[in-house]
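Structure first, commentary second.
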Amino acid sequence: MFNKLTESLEKCPIVKRGEYNYFIHPVSDGVPIVEPSLLREVAVLMVKSLDLEGVTKIVVAEAMGIHIGVALSLMTDIPLTIIRKREYQLEGEIALHQTTGYSKGELYLNGIEKGEKVVVIDDVFSTGGTMKAILKGIAEKGAEVSDVLVVIKRGECDIGRPYKYLVEIEVTGDGVRVTDTKF
Ligand SMILES: O=P(O)(O)OC[C@H]1O[C@H](OP(=O)(O)OP(=O)(O)O)[C@H](O)[C@@H]1O
């Protein structure tokens, strides 16, 4: 029944970013197209997996957290905040330094208050660098993280706390192999 995510991953193309084998998939890249049925499957699986009890905000990072965050927000009626790559200089904004397997950059966190209970979701874990930066920012704000979930886990990531994933993959220059699913 839930086979769109695994089947689409096993068919997706790989490109080189330096030494990094980068897989290109609708969930992690938005290209070539995001099928509503795939997005719905991911949203249903996230709702089933996450502990949403008492959660006041869904936290995602620009850009590829946005479509999955919107889908989850529409299904749960929980508001969404997007960590942006653009600085707004709003009061209380926190700047975070992000390092991924192939890039570095700044992220800016707004919209989370002390004492809130949040879930953080993202499309992919590769090194876990982005998630570690996000968690540091949320802790600095004094908010509690109820759950962390990534749709696609590639590689081993220690983010300093437990997390959930929907599928685990291995990526080589030849393609993607799904090694575990949580549904
Ligand atoms: O575990 P990591 O090594 O940190 O990699 C995962 C991050 O990399 C991608 O974001 P990216 O910064 O490339 O931006 P995008 O969402 O705009 O594609 C992805 O959306 C994750 O946030």
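Computed from the coordinates by the stated procedures, all read-outs in this text should not be read as laboratory data. Note that this is a predicted model, so its numbers are computed, not measured. Here the Cβ positions follow ideal geometry from the backbone for every residue, glycine too, while neighbour counts run over all protein chains shown.
With only the Cα atoms considered, the stretch 42-98 has a convex hull volume of 106 Å³ per residue. Calculated on the alpha-carbon coordinates, the convex hull of the stretch 4-181 measures out at 110 cubic angstrom per residue. Averaging 1/r across all pairs of distinct Cα atoms in the stretch 74-119 and inverting the result yields a Kirkwood radius of 12.4 Å.
Taking the average, over residues, of other Cβ atoms within 10 Å as the packing measure, peptides 84-90, 27-33 rank 27-33, 84-90 from highest down. With R₀ fixed at 35 Å, the C-beta to C-beta distance from T179 to E91 puts the FRET efficiency at about 0.20. The per residue volume of the convex hull around the alpha-carbon atoms of the stretch 1-56 is 122 Å³.
Counting every other Cβ atom within 10 Å of each residue's Cβ, D180, D147 order from fewest to most as D180, D147.
Between E19 and I66, the FRET efficiency from the beta-carbon distance, with R0 = 41 Å, is close to 0.90. Among the listed pairs K4/K117; K57/K141; K57/K182; K85/K141; K48/K164; K16/K164, those with a Cα-Cα distance over 20 Å are K4/K117; K57/K182; K16/K164.
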